[in-house]
Amino acid sequence: MKKITFDHIYNPGHVVAENALYKHIHFPEMLTRYDSNFLAFKRQPTVEEFKDAAVFLRKFHQSKGQKHVKFLFPQDHKPSEELLNYFKQEGYEIGFNELYVIEPDQFPVPLDNPDIEVREVTEDELDAYLAFQYEQDMDYGPDFADQKVDMHKRNFESPRLLQLLAFYKGTPAGSVDVIIDEDSAEIDGLMVHETFQKKGIGSRLQQFVMERFPDRKVILVADGEDTPRVMYQKQNYTYSGFRYEVQKVYE
C-alpha cells in the first residue's frame, strides 16, 4: 500500500480548475465552509505568485458572495520566511495540520463503561444526530449550521460515509464521521459535547471505528497547535506529516 498522505484526506469540494501552480477547490453546496473552498498549491509559490493567486481567489469568491480566501501548501514544506512575513503583514491567519495514522490493533482498548453506547446512525438516530450536530455547528453561525444540515443529510445517503453517535446514559454526547476508502477509514469531526468531556466518550467512538474496520489503516487530521494531537500520540497514532494553511476573512 502507498504511504498515507494528505492526498488521502477526503474533501467534498470539487476541482473546478487546475494549473501547474495550484488546484482550485470549490463547493457551491456549502459556500461558508472554508475547508472546502480554497486553492491548494502544488509547489511553494513565490510572494508574487501568491499575490496573483490571492487576487484571483478573492475575485472569484466575491462573485459567489463568499467573504474568505484560503490557501493550502504542499505537505511537509513550511512556507518561506518571505511568505510568512507577507502573511503577517497582510493579516492572514497562519496554521498547520498534522496527519496521523494507526493500525486498528494498535489502539489501546478503553475501559468498558456501560453508560456509553455508540450507534451507527440509521433513520432511527438521524434526527438526534442532526440536532446534536446543529448545536455544535451554531458556534459558526446560523447560516453555517443550516447549510451543514443539508451536508449531513447528503452524507447519510452516501455509502462512502458512516456517521456514529455516542450516547451517555441515553443522551447524545459525541459523534464522529468515518470516510471509508479502499485501504483506509478516516476519522473526521470527532467531537464530544462539553457537558460530557473526560468520560472516555471520544476513545469509545474511536474504538468503534477500529473494530468496524480492522483491515484498514485509520487516519485523521489534527490541528498542529491544539491539544487533541497530544492525545492521539498517546493513543499510538503515528505522525505522518504536516501541511500549512493560511486564510483571511473579509468583513
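The values are calculated or read from the model by the stated rules, or taken from the named source; none is laboratory data. Model, not experiment: these values are computed from the prediction. With ideal geometry, Cβ positions are generated from the backbone for all residues, glycine too; neighbour counts draw on all protein chains shown.
What the table shows:
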item	result
Residue in the stretch 229-241 that is under 30 Å from G65 (Cα atoms), part of a strand (DSSP E or B), under 16 Å from the mean Cα position of the chain (by Cα) and modelled with pLDDT of 95 or more present	no
Given (1) surrounded by 15 or more Cβ atoms within 10 Å (Cβ to Cβ); (2) over 17 Å from the mean Cα position of the chain (by Cα), number of the condition L31 does not satisfy	(2)
Residue tally, condition touching a residue at least 24 places away in the same chain (Cβ under 8 Å) and either part of a helix (DSSP H, G or I) or within 23 Å of I179 (Cβ to Cβ) (or both), over the stretch 82-107	18
Close pairs (8 angstrom Cβ cut-off, 6 or more residues apart or separate chains): within 18 Å of E49 (Cα to Cα) in the stretch 63-76, small (G, A, S) anywhere	V69/A54; F71/A40; F71/A53; F71/A54; L72/A40
Complete set of residues in the stretch 136-160 that are among the hydrophobic types (A, V, I, L, M, F, W, C) and either closer than 17 Å to D124 by Cα or not assigned by TED's automatic domain parsing to the domain that holds E125 (or both)	V149, F156
When residues of the stretch 1-28 are limited to those that are touching a His at 6+ places or on another chain (Cβ under 9 Å) and outside any strand (DSSP E or B), the one surrounded by the fewest Cβ atoms within 10 Å (Cβ to Cβ)	K2
